[in-house]
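**Student:** Let me begin by handing over the structure; questions about it come next.
The values are calculated or read from the model by the stated rules, or taken from the named source; none is laboratory data. The shown structure was predicted, so the numbers you read here are calculated from the model rather than taken from an experiment. Glycine gets a Cβ as well: all are built from the backbone with ideal geometry, and neighbour counts include every protein chain shown. Each accessible area value is taken on the protein alone, full model and side chains, heavy atoms only, with ligands, DNA and RNA left out. Shrake-Rupley method; radii C 1.70, N 1.55, O 1.52, S 1.80 Å.
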Amino acid sequence: MEKLTGIPASLGFISGKALLFVENTFPEIPRISILPAQSPDEIKRLDGAIAAAAAELSLIHERAVQEMSKEQANIFAAHLLMLDDPVFRDELLDRFRETAANMEWVVWDVAREMMQKMMASPDPLFRERAADINDVAKRLLYQLLSIKRASLAELEEDVIVVAHDLLPSEILTMNRRRVKGIVMDAGSRTSHTAILARAFNIPAVVGLAIGTKIIKDGDALIVNGRTGEVLVKPGRKDLSDFRKAATVYHRQMEEFLSLRELPAETMDGGRVMVNANIEIPEEADQVLQYGAEGIGLYRSEFLFLTPGQAAQEERQYHSYTQVLRAMGVRPVTIRTVDIGGDKILPDFHSGDEKNPLLGWRAIRFSLALPDLFKTQLRAILRSSVNGNVKIMFPLISGIEEIEQALALLEEARDECRAAGQAFAEHIGVGAMIEVPSAAITADILAEKMDFFSVGTNDLIQYSLAVDRGNERVSYLARPTHPAVLRFLKHTIDSAHRQGIKAAMCGEMAGDPKVTALLLGLGLDEFSMAAQSIPRVKRVIRSVNMADCRSLVEEVLQGVSWKQNADTVNDWMTEHCPAELAEV
Ligand code: PEP
Ligand code: MG
C-alpha cells in the first residue's frame with residue numbers, strides 16, 4: 001500500500017479501480033500513395049471503419065440514453081447521423097479519387113477542411129458542429145488505425161479517474177454514473193474542475209502532483225475527499241478501516257441533513273441566508289435536499305462550455321427558466337458569463353494570451369461583445385417572470401465597468417419592451433467583489449449596486465498573487481490572511497453603510513472552519529456547493545453571534561494567517577460541539 005496526500009476537493013469516501021486517463025490527441029497521419037490496383041481494398045477499409053464506428057456509436061448512444069442526460073445522449077445521436085450520411089461518404093471517396101492517398105489521410109484532410117469552414121462561420125451553431133466533426137473523424141481514424149481510445153463519456157464500468165488535469169468540459173461530458181471518484185495531479189480546491197466535482201457530488205482529491213506517475217491503470221484505490229488521502233493498492237486492514245470511516249461519515253452526513261428544514265440562525269437569533277452555487281440547471285433540483293434557501297451563484301458560463309449547448313437566447317431562456325421554476329419563490333442569482341481565464345471558449349479565445357487570469361475574462365469579455373452580452377441579459381430578463389431572479393456581474397474592477405454593464409442592461413430591457421416580451425420590473429443587480437480594486441473601493445461601488453457577493457476564490461488569488469489552479473503555490477491561498485480579512489471587512493461594512501446586503505459565493509463561504517468568522521464580520525448570505533450546506537448550517541446553529549463578533553475583534557489584531565487560523569481553531573474547540581471543531 002502507498003499513501004499519497006493531496007488537496008481535499010470534494011467530500012466523500014470511495015474505493016474502486018483506477019482509470020488512468022491520458023488525454024487523446026489527434027493521431028499524426030502520414031500521406032501514402034495508393035496504387036490503382038489497391039483502390040478497391042482501400043474503399044473496403046473505409047466502409048469497414050464506418051460500419052465499426054457506427055456500431056460502436058450505437059452502443060454508446062444506447063448506454064447514454066439510459067445513463068446520461070438527454071443532451072449528452074443527443075450528441076451521440078448526431079454523430080451517428082453524420083457517420084451514416086451518404087454525402088459524407090461521397091465526399092471522402094471524391095477526395096480519395098482526386099488524391100490517390102491512403103484513407104486515413106483522406107479522412108483527416110476532409111475533416112480538417114470541413115472544420116475550418118465551420119469555424120469561419122459567424123453562426124455559433126455551425127462553429128459548434130466543428131467539434132462534432134472532430135469527434136466523428138477521430139472515431140473513424142481510430143478504427144482505420146486500429147487504435148483503442150479512452151473516453152470519459154464511454155465508460156463501461158465504475159472507475160476512479162486518475163488524470164494529470166481535466167478540463168471543465170471533460171467533467172461536463174463524462175459519464176457521471178460511472179465516475180465514482182477523481183484524483184488529479186493539478187488543481188486546487190478552488191479550481192473549476194474541483195468546483196464541478198463538488199457540484200456532481202463526486203469525491204475528489206486534487207493537487208497530488210505525482211499521482212499519475214505512481215498510480216497504474218487498474219490499481220485499487222481508496223479516496224478520502226475530506227482529508228485528501230489516496231491509498232494505492234490498499235491492504236485488508238486499510239479496506240476495513242475505510243469501511244468503518246465511510247459508515248461514520250454517512251451517519252454524520254445524515255444527521256447534518258436532518259437540519260435542512262431548520263433556519264440558518266445562531267443561538268442568539270442572528271439570521272443569515274444559506275444558498276447554493278450551481279453550474280448546470282439540473283443541479284437546481286438537488287440543492288433543496290441539502291437545505292438551500294436559494295441559489296446565490298449560478299455559473300452561467302458552463303452553458304456555453306457544454307458541447308451541444310450553443311448558448312442562443314432561446315436555449316439560455318429555457319435553462320434559466322428551468323432553474324427558476326425548480327426554485328419556486330426562492331431567489332436565484334444568475335451571474336453573467338465568466339468566460340476566459342481557465343474557462344476558454346475556442347470560438348473566441350485563440351489561446352495566445354500570456355496571462356489569461358489577468359486578461360480577457362468575465363465582465364471584460366461581455367463588455368467587449370455587447371451583442372452576446374445583451375443576448376444573455378435578454379434571456380435572463382425574459383425568464384424573470386418565472387421566478388425570483390437577480391443578476392450579478394463577475395470580476396468588476398471599477399465603477400466604469402458597472403456603468404457600462406448597467407447601460408447595456410437598460411438597452412436589453414428596451415429591446416424586450418420593443419419585442420413585447422414581459423419581464424419583472426424590479427430585479428436586483430449586484431457586483432461580485434473579487435478583484436482587490438473592487439474590494440478597496442467597495443464604498444464607491446455600493447452606491448450603484450443592489451448587493452455585493454464576494455468571490456473569494458478570485459479575491460484570494462488576486463490579493464495574494466496565487467494562481468488558484470497551481471498546486472505548487474496553493475499553500476499560500478489562506479482565507480485567514482490579514483489582507484483577505486481586511487478586504488472582507490471593508491466590503492461588508494461598505495455594503496451595510498449603503499443599506500445593501502453582503503453575500504459571499506467563493507469557496508470560503510462553504511468552509512465550516514471559518515463560518516463563525518464570517519458571521520462575526522456581518523456576512524448576510526452564504527452561498528456554497530450544496531454538499532457543504534449541512535455542515536455550515538450546523539455551525540451557524542451552534543454559535544452565538546455575540547461570541548462570533550468577539551472572535552472577529554481578536555482575529556483582526558492577528559498578524560499572520562497562521563496566528564488567525566490558530567485563534568479560529570481554538571475558538572471552535574471552545575464554542576462548538578466536538579464533531580464540529582474538527583470539520
Ligand atoms: C470566486 O471567484 O470566488 C467565484 C465564486 O467565482 P468563480 O469561482 O467562478 O471564479
Ligand atoms: Mg471568480
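**Student:** Collect the residues in the range 144-172 that are open to solvent by less than 70 Å² (accessible area, probe 1.4 Å), at pLDDT below 80 and not aliphatic (A, V, I, L, M), keeping them in residue-number order.
**Tutor:** 149, 151, 168, 169, 170
**Student:** Can you tell me which residue in the range 488-502 is nearest to residue 540 (Cα to Cα), limited to those that are open to solvent by less than 10 Å² (accessible area, probe 1.4 Å) and touching a Phe, Trp or Tyr at 6+ places or on another chain (Cβ under 7 Å)?
**Tutor:** Per the criteria, the residue is 502.
**Student:** Then there is this: Could we say that residue 364 is in a helix (DSSP H, G or I), charged (D, E, K, R) and away from ligand 1 (no atom under 16 Å from the Cβ) here?
**Tutor:** Criteria not met by residue 364.
**Student:** Residue by residue through the range 536-549, note down the ones that are out of contact with any His (no Cβ under 9 Å at 6 or more places or on another chain) and surrounded by 14 or more Cβ atoms within 10 Å (Cβ to Cβ).
**Tutor:** Of everything in the range 536-549, those that are out of contact with any His (no Cβ under 9 Å at 6 or more places or on another chain) and surrounded by 14 or more Cβ atoms within 10 Å (Cβ to Cβ) turn out to be 536, 537, 538, 539, 540, 541, 545, 549.
**Student:** Please find, among 516, 565, 503, the residue that is small (Gly, Ala, Ser), under 20 Å from residue 432 (Cα atoms) and outside the structural domain of residue 208 (by TED's automatic domain parsing).
**Tutor:** When all the criteria are applied, what remains is 503.
**Student:** Moving on to the next point. Can you name every one of the helices (runs of 4 or more DSSP H) wholly within the range 415-468 that holds 2 or more residues which are open to solvent by less than 60 Å² (accessible area, probe 1.4 Å) and away from ligand 1 (no atom under 16 Å from the Cβ)?
**Tutor:** none
**Student:** Among the residues of the range 345-398, count how many are open to solvent by less than 10 Å² (accessible area, probe 1.4 Å) and out of contact with any helix residue (DSSP H, G or I) (no Cβ under 7 Å at 6 or more places or on another chain).
**Tutor:** Result for the range 345-398: 5.
**Student:** Residues in the range 515-533 that are open to solvent by 10 Å² or more (accessible area, probe 1.4 Å) and either under 21 Å from residue 544 (Cβ atoms) or at pLDDT 95 or above (or both): how many?
**Tutor:** So the answer is 5.
**Student:** Regarding residue 286, is this residue surrounded by fewer than 18 Cβ atoms within 10 Å (Cβ to Cβ) and within 24 Å of residue 123 (Cα to Cα)?
**Tutor:** Against the criterion (surrounded by fewer than 18 Cβ atoms within 10 Å (Cβ to Cβ) and within 24 Å of residue 123 (Cα to Cα)), residue 286 does not qualify.
**Student:** Here is a list: 98, 113. Which entry is within 17 Å of residue 131 (Cβ to Cβ), part of a helix (DSSP H, G or I) and open to solvent by 30 Å² or more (accessible area, probe 1.4 Å)?
**Tutor:** The unique qualifying residue is 113.
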